[in-house]
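Q: Can you read through this structure? Questions will come right after.
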């Protein structure tokens, strides 16, 4: 999934820190690790120079979803 920066983030000549982010969900850590062995992962990594500034370090967050209210 992609989450793009809203146009308001560019208002008055502003430059947001990011134009957007990619979000990927997995059932568990094992599934996340297994995904790195897939052809889809390889194709995505090969395509990164087309949409990322690969000269900079790429930020990422790994987190676990917690249900607060049911």
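No value in this document is a laboratory result; all are computed from the given coordinates. Keep in mind that this is a model prediction, so the values were computed, not measured. Heads up, the Cβs are rebuilt from the backbone with ideal geometry, glycines too, and the neighbour counts pull from every protein chain shown.
Q: Rounded to the nearest 0.05, what FRET efficiency is calculated for residue 45 and residue 69 with R0 set to 30 Å and r the Cβ-Cβ distance?
A: Working: r = 37 Å, r/R0 = 1.25.
The formula returns an efficiency of 0.20 here.
Q: What number does the chain give for Rg over Rh if you use C-alpha atoms and the Kirkwood radius?
A: Numbers: Rg = 15.5 Å, Rh = 14.9 Å.
Radius of gyration over Kirkwood radius for the chain works out to 1.04.
Q: Quick check on the chain: helices-only [θ] at 222 nm, where DSSP H runs of length 4 and up contribute -39,500 (n - 2.57) each and the sum goes over total residues. Nearest 500, please. Kindly include the intermediate steps, with their values, before the conclusion.
A: On the way: 2 runs with 16 residues, N = 70.
For the chain, the value works out to -6000 deg cm²/dmol.
Q: Ordered by packing density, taken as the mean number of other Cβ atoms within 10 Å over each peptide's residues, highest first, how do 62-69, 22-29 rank? Show your work: numbers first, answer last.
A: Details: 62-69: 5.2, 22-29: 9.5.
Packing proxy ranking, top to bottom: 22-29, 62-69.
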